[in-house]
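No value in this document is a laboratory result; all are computed from the given coordinates. Note that the structure is a prediction, hence the values are computed from the model and not measured. All Cβ positions, glycine included, derive from the backbone under ideal geometry; neighbour counts span all protein chains shown.
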Amino acid sequence: MIVKLIVRGMLVGLLAGLFAAVFAYTAGEPRIDRAIALEEAAAAASPAGAHSHEAAQPAHSHDEDEAPVSRNGQRLGLFLALGLYGVAVGGLFALVYAAVRGRVGPRSEPVLAVTLAAAAFLAIVLVPFLKYPANPPAVGDPETIDQRTVLYLTAVVVGILAVGAGTAAYRYASRSEPWLRWLAGGASLLVPVAAAWILLPEIDEVPPGFPADLLWDFRIASLGTQAVFWLGVGALFAFAARRRSPV
């Protein structure tokens, strides 16, 4: 049974990943193209960049200056990457679903699937995004990428622990009044998130003059891509759970 559940989760994740890729291609790629154009224009306008380019020009051809992967290749890779990401995450989602089914959360399997997907979006996407939102090309110092990666993963861990703490507190107060259960769960969720927000260092590497509308449009598109993915996972898994044969 568990193998079938994992396979079902992988298929659901694949479909959700492709849905998210369509959204990212439609909403995110135009912003990436605009950010790349700004980055290239800034590099061309830089005296140091122009000098180095002229000095290096005799040593190699124009074709060698081009990116290893073309923009069309990157767009195709977007669908491949999100599809593979969906397969992996869908399999993990199925394992977590099997572990909590009948133990934590709603009794209804479709409702449990949607609730679990919403909790995953909150823990893995929304909490880290609030502290460290995504940035388009031309934003970010390459020398700090390791630091930024560690901080982002730390925010993800905080999000997972916060959701776990909120769930545990809600269950612990299960015999209390509904408002007290929600208060206990909400406080247990928000306290570690607020502490992480205060204690984790800020990262602000947006260059002066970078268009604010482009920055936030890209960030909203990035968040929307993840929202589409987890909405797809929850809805498709709920549909699969509803049609699943009894065991």
Assigned charges on the beta-carbon of Lys, Arg, Asp, Glu; segment 105-247 dipole about Cα centre (debye): 1100
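Among residues other than residue 184 whose Cβ falls under 12 Å from its Cβ, what is the net charge (Lys/Arg +1, Asp/Glu -1)?
Working: positive: 171, 175, 181; negative: 177.
For residues surrounding residue 184, the net value is +2.
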Under the Debye formula (equal points on every Cα, no solvent term), log10 I(q)/I(0) of the chain at q = 0.07, 0.10, 0.11 Å⁻¹: -0.33, -0.62, -0.73
Simple label model, 7 Å out from Cα along Cβ direction - residue 44 to residue 7, nm: 5.4
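Using a cut-off of 15 Å between beta-carbons, work out the net charge of the residues near residue 142 (Lys and Arg +1, Asp and Glu -1, residue 142 not included). Spell out each step's value before the answer.
Details: positive: 148; negative: 39, 141, 143, 146, 205.
Result for the local shell: -4.
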Span-like helix ranges in the chain, DSSP H, alpha carbon extent 27 angstrom or more, Kyte mean at least 0.0: 2-23, 71-100, 145-172, 178-199, 212-242
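For a footprinting-style exposure proxy, rank 25, 170 by other Cβ within 10 Å, fewest first. All intermediate terms of the calculation are to be shown ahead of the outcome.
Working: 25 16, 170 20.
Ascending number of Cβ neighbours within 10 Å: 25, 170.
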Per-bin percent of Cα-Cα distances, segment 101-226 [10 Å]: 12, 34, 31, 16, 7, 1
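How long is the gain from residue 171 to residue 190 if the chain were fully straight, where each residue apart is worth 0.36 nm and the alpha carbon distance is subtracted?
5.2 nm
Could you work out the local net charge near residue 164, counting Lys and Arg as +1, Asp and Glu as -1, over the other residues with Cβ closer than 15 Å to its Cβ?
The answer is +2.
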Dipole magnitude of the chain, debye to nearest 20 (Cβ charges: Lys/Arg +1, Asp/Glu -1, about Cα centre): 2340
Cα lying deepest toward the dipole's positive end in segment 98-233, options 180, 123, 203, charges on Cβ: 180
Ranked 204, 217, criterion: other C-beta atoms within 10 Å, fewest first: 204, 217
Segment 1-46 shape via C-alpha gyration tensor axes, a/c threshold 1.5: prolate
